[in-house]
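K.L.:
Submitted below is the structure of interest, expressed as structure tokens.
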Amino acid sequence: CAAAVGRYWIFDMGQQCFQGYHARWAFGLGVPLLVVLCLVLPVAIAAFTLHSHSALNTPTFRKHYGFLYGQYKASCCFWEAVVLLQTMLLVAAAVFGFTV
């Protein structure tokens, strides 16, 4: 992010990155969404599946939420949250990583 300061936004070459309305959108919408999607969502998935551990094998629960834990053992029902975090870290490395 720090490398983008002073550069220009590709969609509006008159707009510097993190200046003016770009800063308002980036920090007003981007940062809250980043927090929700990268922190709250995996924690909520893990908490939900662990809290509902006793209902994992009921047909109604499996029909509605089986996509979150169906491919894992019951003792590892939270693993989808770990996979989600791993994917987010790989995307972050690709987007924000430094070139060598």
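K.L.:
Of the heavy-atom accessible surface of region 30-98 (probe 1.4 angstrom), what whole percent is carbon and sulfur?
P.N.:
Numbers: 3750 of 4970 Å².
Of the solvent-accessible surface of region 30-98, carbon and sulfur hold 75 percent.
K.L.:
Please give the calculated 222 nm ellipticity per residue for the chain, where each DSSP H segment of at least 4 residues contributes -39500 (n - 2.57) and the sum is spread over every residue; nearest 500 deg cm²/dmol? Don't skip to the end; give the middle numbers.
P.N.:
On the way: 5 runs with 50 residues, N = 100.
Rounded to the nearest 500, it is -14500 deg cm²/dmol.
K.L.:
May I pose another question? Please list, ordered by chain and number, the residues whose modelled amide H lies under 5 Å from the amide H of residue 15; skip anything fewer than 5 residues away on the same chain.
P.N.:
9
K.L.:
Taking 0.36 nm per intervening residue step and subtracting the Cα-Cα distance, what contour gain separates residue 44 from residue 82 on full extension? Can you show the working numbers first?
P.N.:
Numbers: separation 38, 0.36 × 38 = 13.68 nm, distance 1.17 nm.
Gain on stretching residue 44 to residue 82: 12.5 nm.
K.L.:
Per residue of region 50-55, in order, report the coupling 6.51 cos²θ - 1.76 cosθ + 1.60 (Karplus, θ = phi - 60°) as ³J(HN,Hα) in whole Hz, putting x for Gly and Pro.
P.N.:
Residue by residue, region 50-55 yields 5, 5, 9, 3, 6, 9 Hz.
K.L.:
So for region 4-100, considering every pair of alpha-carbon atoms, how many percent are separated by more than 23 Å? Please list the in-between numbers first.
P.N.:
Numbers: 2206 of 4656 pairs.
Of the Cα pairs, 47 percent sit more than 23 Å apart.
K.L.:
Give me, ordered by chain and number, the residues 5 or more places off residue 52 or on other chains with an amide H under 5 Å from its own placed amide H.
P.N.:
Here the answer is none, since no amide H 5 or more places off falls under 5 Å of that of residue 52.
The values are calculated or read from the model by the stated rules, or taken from the named source; none is laboratory data. Predicted, not measured: the structure shown is a model, and the values here were computed from it. Please note that ligands, DNA and RNA were not included when accessible areas were found on the heavy atoms of the full protein model with its side chains. Shrake-Rupley method; radii C 1.70, N 1.55, O 1.52, S 1.80 Å.
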